[in-house]
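Report on one structure; see the data block that follows.
Each reported figure results from applying straightforward, stated rules to the coordinates on display, with no laboratory input. As the structure is a prediction and not an experimental result, all values here were calculated from the model. Methodologically, a virtual Cβ is constructed for each residue, glycine included, from the backbone with ideal geometry; neighbour enumeration extends over all protein chains shown.
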Amino acid sequence: MVVRRTVPVTLDVDSEDTVLLEDTVDTFLWSAQYVVDHAFDGEYVTTSKTTLDDETYDDVREATGGFNGGLVQAARNKAADACKSVVARWKNGKNASKPHFTSPHVVYDHRTATFYDDYVSLATTDGRIEADYILPDKDRGTPHSQYLYADEYETTGAELHYRDGDWILHIHCKTDVESDTPAQATPENGTVLGVDLGVNNLAVTSTGTFWTGDEFDHWRREYEKRRGSLQQCGTRWAHQNIQSVGRKEDGRFKLLLHRISNELVAEALENGCSVIVFEDLTDIRERTGASWGHKWAFDRLYEYVEYKAEEHCIGVEQVDPVNTSRRCSHCGFTHPDNRGGEEFECLDCGYENHADYNAAKNIGLRYLRGNQTGGDGGAPMGVRLNSGTVNVNGGYSPAEESARTGVHAESHGFSRG
């Protein structure tokens with residue numbers, strides 16, 4: 001199987017090259033938007049990369065004064081993928097509008113970027129520039145030493161981003177590994193770990209482990225206060241410090257989310273899970289009333305779990321979240337009044353538990369219903385609970401004597417199963 005990693009590297013860019021990169025970003029985004037506008041200019045949205053290339057490549061090159069051909073094609077790919085995403089949402093009955101590219105970035109591959117040990121050569125709107133890497137100590141177990149400088153990983157491309165005054169190159173690496181984990185070798189014996197995401201509790205698993213949002217909310221309010229105080233000053237010094245506060249906030253939250261993602265993967269490993277299942281994150285703000293900051297946190301957490309789980313050959317999937325918070329994980333009865341705040345009580349069978357824990361179980365069960373056909377021998381057999389497993393038909397199997405007891409569920413006062 002292929003394992004992929006992304007390593008962020010800050011670049012040392014002088015003022016002249018900064019102007020070139022800014023122009024390259026603007027041209028790249030304009031090119032991608034041109035392709036999107038063309039794709040939407042008709043009765044049907046065009047999503048074929050080949051068709052879009054045939055119909056837009058020459059026009060973009062001419063309009064941009066000969067923009068690098070590789071970057072034109074990268075912009076076309078970006079546009080085509082965005083159009084496909086919109087069409088997919090329409091097919092699922094969800095709202096989506098024509099994409100607009102505003103985030104400053106450029107996509108590079110081996111035609112448009114050359115990667116060296118300590119610097120990179122990047123194509124721009126006017127030839128190439130070279131920029132040195134700003135790196136931590138290579139011997140400290142950083143992602144740079146683990147992936148960027150590891151012989152077994154090869155560099156496949158990168159995305160250049162501009163954020164808070166810095167040029168950051170997200171370098172993509174990959175390697176081929178052989179899987180010999182029990183879950184991969186005997187998938188029919190695997191189980192599913194369901195994960196519910198929310199505001200009060202950032203994550204809750206079907207095994208009854210909770211990660212509260214208290215720390216996240218505390219620091220989010222703290223950083224908002226700091227920015228508000230600095231904005232009232234209105235000085236240049238205050239503006240610079242606002243950017244510094246933003247970097248500190250970003251760093252603190254990423255550390256928090258890395259810790260939670262490590263613990264989520266450890267939870268899956270400890271319970272012999274072959275798949276970790278989240279709800280679809282697309283409309284999570286509308287469903288949960290989450291802030292933009294929470295949506296950012298959910299996306300990052302999923303991203304971190306996805307690549308960390310891959311190292312252990314654990315799959316990470318998303319399922320439709322409809323009614324996972326209203327459905328009884330015990331009997332299947334679904335009603336809006338089943339849930340009241342953080343409490344869940346089924347109006348039909350009387351099952352009571354924490355609402356987020358009930359939702360986590362439902363997320364795992366929905367994955368089973370969508371993937372367990374009963375005849376292929378390759379689908380997980382049940383959702384992992386703290387004290388055992390439950391299958392798609394609601395049948396409960398207690399854990400073996402050697403399995404861990406209900407420490408997590410009991411410590412929060414929730415019933416197991």
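Tabulated data for the structure shown
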{"read-out": "Under 5 Å, built H, 5+ apart or other chain: amide partners of Arg163", "value": "Ile168"}
{"read-out": "Pairs of lysine residues in segment 1-152 - Cα separation under 27 Å, sequence separation of 8 or more or cross-chain", "value": "10"}
{"read-out": "Segment 318-334 and segment 19-95: distance between their alpha carbon centers, rounded to Å", "value": "38"}
{"read-out": "Amide H contacts of Gly388 (H built 1.01 Å from N, under 5 Å, at least 5 apart or other chain)", "value": "Ala399"}
{"read-out": "Neighbourhood charge, 13 Å Cβ-Cβ cut-off, centred on Leu71 and excluding it, Lys, Arg +1 and Asp, Glu -1", "value": "0"}
{"read-out": "Chain lengthening between Phe40 and Asp12 when straightened (0.36 nm per residue, less Cα-Cα)", "value": "6.2 nm"}
{"read-out": "Inter-label distance, nm, simple model (7 Å from Cα along the C-beta direction), Ser48/Lys94", "value": "2.7"}
{"read-out": "In sequence order, calculated HN-Hα J values of segment 349-362 (Karplus, 6.51, -1.76, 1.60; Hz; x Gly/Pro)", "value": "9, x, 4, 10, 5, 5, 4, 5, 5, 4, 5, 4, 5, 5"}
